[in-house]
1. Just checking, which of 78, 15, 67 is assigned to a loop (DSSP other than H, G, I, E, B) and either touching a strand residue (DSSP E or B) at 6+ places or on another chain (Cβ under 7 Å) or surrounded by 17 or more Cβ atoms within 10 Å (Cβ to Cβ) (or both)?
2. Against the conditions (1) farther than 21 Å from residue 156 by Cβ; (2) free of Cβ contacts under 8 Å to residues at least 24 places away in the same chain, where does residue 64 fall short? Just the number, please.
3. Sort out which residues of region 81-101 are outside any helix (DSSP H, G or I), surrounded by fewer than 24 Cβ atoms within 10 Å (Cβ to Cβ) and touching a strand residue (DSSP E or B) at 6+ places or on another chain (Cβ under 7 Å), and write them in order of number.
4. Given the residues 184, 134, 160, which is the only one that is under 19 Å from the mean Cα position of the chain (by Cα) and modelled with pLDDT under 95?
5. Give the residues of region 50-69 that are farther than 25 Å from residue 16 by Cβ and at pLDDT 95 or above, sorted by residue number.
6. Quick check on this structure: which one of 140, 176 is touching a helix residue (DSSP H, G or I) at 6+ places or on another chain (Cβ under 6 Å) and either without any contact (Cβ under 8 Å) to a residue 60 or more places away in the chain or crowded, with 16+ Cβ neighbours inside 10 Å (or both)?
7. Somewhere in region 47-56, is a residue free of Cβ contacts under 8 Å to residues at least 60 places away in the same chain and farther than 27 Å from residue 171 by Cα?
8. Sort through 9, 105, 37 and tell me the only one that's assigned to a helix (DSSP H, G or I), touching a helix residue (DSSP H, G or I) at 6+ places or on another chain (Cβ under 9 Å) and buried (at least 20 other Cβ atoms within 10 Å of the Cβ).
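The values are calculated or read from the model by the stated rules, or taken from the named source; none is laboratory data. Model, not experiment: these values are computed from the prediction. Here the Cβ positions follow ideal geometry from the backbone for every residue, glycine too, while neighbour counts run over all protein chains shown.
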């Protein structure tokens, strides 16, 4: 199914990520001897379905990503996440059919879920990994006044990677620029177009490392591998 489709992976490694408290962006802190961002970078480098890698990061961190066995290029971070993604998108090869966007703070991509994700993206145009919500979700206003209890069976926590057809991605960004839409994930841009997007069930192992507690959990996962 992948034979006639070319995939570009955009690895987002430009965030400040300073909540760990040591002044170094979390994506470059060593996790059991290796910079955190290298885990997902190495996954894409070894993945036969990925044809090109674009890392979005500050120039001073580019040497961390040397040694790729496939085409590698870099893009600069933007002010917002969606700006960083766009910088990576415009740096991607025109030959690419699909764009895979991933946060460098998620080091544990699972191969089975990723393969399913690519299948769904080819079938529907846009897909993302996600896990079913385990807690009751409330919608509230700015004063924390509860407005609505959302059906938990319909709620999912979004993850990355998120994979979108390249032509559709550009169309979505053009729409966002015209309308001033701001989003914190890529699938939302597709939703704004009214185009189909699907979720692919993942697991909590594909966690985003944000806090010191997350870091301890990541160390345990690495040690158990």
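1. On the way: 78 fails: either touching a strand residue (DSSP E or B) at 6+ places or on another chain (Cβ under 7 Å) or surrounded by 17 or more Cβ atoms within 10 Å (Cβ to Cβ) (or both); 67 fails: either touching a strand residue (DSSP E or B) at 6+ places or on another chain (Cβ under 7 Å) or surrounded by 17 or more Cβ atoms within 10 Å (Cβ to Cβ) (or both).
After ruling out the rest, the residue left standing is 15.
2. The one condition residue 64 does not meet is (2).
3. Kept after step one, since they are outside any helix (DSSP H, G or I), are these residues of region 81-101: 92-101.
Cutting the leftovers down to surrounded by fewer than 24 Cβ atoms within 10 Å (Cβ to Cβ) gives us 92-97.
92, 93, 96, 97, listed by residue number.
4. Details: 134 fails: under 19 Å from the mean Cα position of the chain (by Cα); 160 fails: modelled with pLDDT under 95.
The match here is 184.
5. Within region 50-69, 50, 51, 52 meet the criteria.
6. Numbers: 140 fails: touching a helix residue (DSSP H, G or I) at 6+ places or on another chain (Cβ under 6 Å).
That would be 176, the only listed residue that is touching a helix residue (DSSP H, G or I) at 6+ places or on another chain (Cβ under 6 Å) and either without any contact (Cβ under 8 Å) to a residue 60 or more places away in the chain or crowded, with 16+ Cβ neighbours inside 10 Å (or both).
7. Restricting attention to region 47-56, the residues satisfying the condition of being free of Cβ contacts under 8 Å to residues at least 60 places away in the same chain are 48, 50-56.
Now restrict to residues that are farther than 27 Å from residue 171 by Cα: 48.
Yes, region 47-56 contains at least one residue that is free of Cβ contacts under 8 Å to residues at least 60 places away in the same chain and farther than 27 Å from residue 171 by Cα.
8. Working: 9 fails: assigned to a helix (DSSP H, G or I); 105 fails: assigned to a helix (DSSP H, G or I).
The unique qualifying residue is 37.
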